[in-house]
Amino acid sequence: MIEQSLVLIKPDGVQRGLIGEVIKRFENVGLKIVGMKMQRVDKKFAERHYPKRLIPILGGKTLADWEDLGIKTTKGKEELGKQAWNDLIKFTTEGPILAFVLEGVHAVQIVRKMVGHTSPHKADPGTIRGDYSPISMGYATVRKFGGRNLIHASGTVEEAKAEVKLWFKPGELHTYKTVHETHTR
Ligand code: GDP
Ligand code: MG
């Protein structure tokens, strides 16, 4: 049940000076940071992190938002998804990202809960996106900019394994005991 999750503070989060705030939340909850680095990625790398298979998913998220917001469209999931994906890749490469790996019991699920809904207008207060991001994915697609929702977190344990491997070499990950572990055994 001990999992690792890949978390990225995206370029908007770094530019807004939210690194400390975000890390503090994960440390407070007792998740262990086992690797961390700042990196600016190119288009090729961004496309490995956000593969093309995401296109219909992004299109679907835009359509769901637009329905909520009462925006009518004749465009389909693929067309909207392609645009959102292009904007996402551009956004991902626009500045440095802080990448880190968190480890702990049910880390993937706990981190997702703390990050909140993909579209910040639906993210609960108390979540990172809900507390700090004032947009919706539907709005981002209308305005043709990347979905600036501050943070990425692995969606499933499988996704986490692949993403940790993509961003970190084995030697960049560390093993140590936190005080929580030392004091509860
Ligand atoms: P996540 O796992 O909650 O980050 O969401 P996804 O994996 O579905 O999408 C990856 C990223 O694409 C999101 O974090 C957003 O930055 C962006 N994104 C998702 N849906 C949309 C959308 O409808 N429009 C735009 N412009 N960006 C989107
Ligand atoms: Mg995702």
Residues that are touching a strand residue (DSSP E or B) at 6+ places or on another chain (Cβ under 7 Å) and aliphatic (A, V, I, L, M), drawn from region 151-185: I151, A153, V157, A160, V164, L173
Long-range neighbours under 7 Å by Cβ, at least six apart or interchain, first residue in contact (Cβ under 8 Å) with a residue 24 or more places away in the chain within region 7-31, second of a type in the set (F, W, Y) and surrounded by 14 or more Cβ atoms within 10 Å (Cβ to Cβ): V7/F100; P11/F91; L18/Y132
Which numbered condition R148 fails, given (1) open to solvent by 30 Å² or more (accessible area, probe 1.4 Å); (2) assigned to a strand (DSSP E or B): (2)
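Yes or no: I110 at pLDDT 95 or above, touching a Leu at 6+ places or on another chain (Cβ under 9 Å) and closer than 16 Å to I9 by Cα?
On the way: at pLDDT 95 or above: yes; touching a Leu at 6+ places or on another chain (Cβ under 9 Å): yes; closer than 16 Å to I9 by Cα: no.
No, not satisfied.
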Where K161 falls short, out of the listed (1) modelled with pLDDT of 95 or more; (2) assigned to a helix (DSSP H, G or I); (3) within 15 Å of ligand 1 (Cβ to nearest atom): (3)
Unmet criterion (only one of (1) in a helix (DSSP H, G or I); (2) within 16 Å of ligand 2 (Cβ to nearest atom); (3) open to solvent by 50 Å² or more (accessible area, probe 1.4 Å)) for H117: (1)
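The values are calculated or read from the model by the stated rules, or taken from the named source; none is laboratory data. Nothing here was measured: the structure is a model prediction, and the numbers come from that model. Cβ: placed from backbone, ideal geometry, glycine included. Neighbour counts: every protein chain shown. When the accessible area is computed, the model is the full protein with side chains, heavy atoms only, and any ligands, DNA or RNA have been set aside. Shrake-Rupley method; radii C 1.70, N 1.55, O 1.52, S 1.80 Å.
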